1. What full-extension length gain, to one decimal in nm, is calculated for residue 183 and residue 271 as 0.36 nm per residue of separation minus the Cα-Cα distance?
2. At what distance in angstrom do the alpha carbon centres of the range 286-336 and the range 351-423 lie from each other?
3. How long is the gain from residue 67 to residue 441 if the chain were fully straight, where each residue apart is worth 0.36 nm and the alpha carbon distance is subtracted?
4. Output the peptides 420-430, 360-370 sorted from most to least packed, where packing is the average of other Cβ atoms within 10 Å over each peptide's residues.
5. Below 8 Å, C-alpha to C-alpha, sequence gap of six or more: please give me the relative contact order for the range 265-469 in percent.
6. Note down the nm distance, to one decimal, between modelled labels 7 Å out along Cα→Cβ at residue 165 and at residue 146.
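Nothing in this text is a laboratory measurement; each read-out follows from the coordinates by a stated rule. These numbers come from a predicted model, not from an experiment. Cβ: placed from backbone, ideal geometry, glycine included. Neighbour counts: every protein chain shown.
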Ligand code: SF4
């Protein structure tokens, strides 16, 4: 019996390829974690060392096997490596379509392991709670979590994408990952007692959780499955669950009344941007959430004098999760710069937070949101205006203008004029930059662009006056 020590997936893959090339049968080999002590009953024999590169072969595997194996490799069960090798062996020895036979015991076990790991990753995305701490470089957000499987390094990139602008660390008993806004690094395991406890972030999480708590779906048993009691110790919101359950029936009645098509039940009572931005991802206020990649919330200066409101995210924004970062955003950036407005000093958002589109082949073509969808999404825009409290609002295009000024507003007639608005000192509407992109005639495009910049110059001028007054 060969004992092969492996540390991770790449290790296993290299060793398995060598073993397969040497025709080592699954029952002749045992994979062990590299840190495990060597069992004196077994003779250790690393195949790479024994066989050398020349004896490795080019192994082909069915589509999907490597992804499956990479996920299963994160499972905590030690026999995963043996199981993976056994399946790899069988696939390469006349059972090419084995993975399609889900009643096969080995395949079934692999699929169960894969499911468990995926579920654990989902839980980690949902239940990691950061606490703010100060270190020598400033603020850092630290979370301690106990995953069921060895997923901590695999989930690092997801958190880096989601919380790219903040410095954070996720500590687990298996290892830790750190993000400094540019680079992910790995560190040693950390016990719960070594992790930071409690702070003002807890209050934030509590109010966030209270706002997303959906009394219409309260099933205590299911809730415990979804949010395993094991994780409750690290969840600041856990201690308000009994209270929320008590209020559930009353809230359910209220929700049913307002829930027809509206974001209102999903918008937290706390209108701070750091509460709103994650909460919007759970919005089901209209049907658009079902098709888009994610909700795209506004971004920019927290107390911006000017808030720009567009229609909805485009294809690029939907993928990147940020507003005005696609072709229309580029036009807006150029026009803002020409008008003397620094984009970093304004706040940009959209009237509708999910991308509405229709699929044509591989392309996703923008579709104008219906009035009912714009109205459904308005509570998010209201909450953003509450948070930012802009002095000036700029509506980009008809959808935003109608959302903010009502159905009688006409861009063609009313653009470039400051109107009073209950949420700001004034509102000015102009065209959406994507309108400029769609114009086929270069001459008309150039003329319209000049008019767009002129409208923005009016805004810049007003900002200068307001800036002095502020
Ligand atoms: S478009 Fe707005 S209301 Fe509709 S699901 Fe998305 S965030 Fe909610």
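1. Computed gain between residue 183 and residue 271 is 28.6 nm.
2. Spelled out, the Cα-based centre of one part sits 11 Å from the other.
3. The residue 67-residue 441 span can extend by a further 129.9 nm.
4. Output ranking for 420-430, 360-370: 420-430, 360-370.
5. Relative contact order of the range 265-469: 23 percent.
6. 3.5
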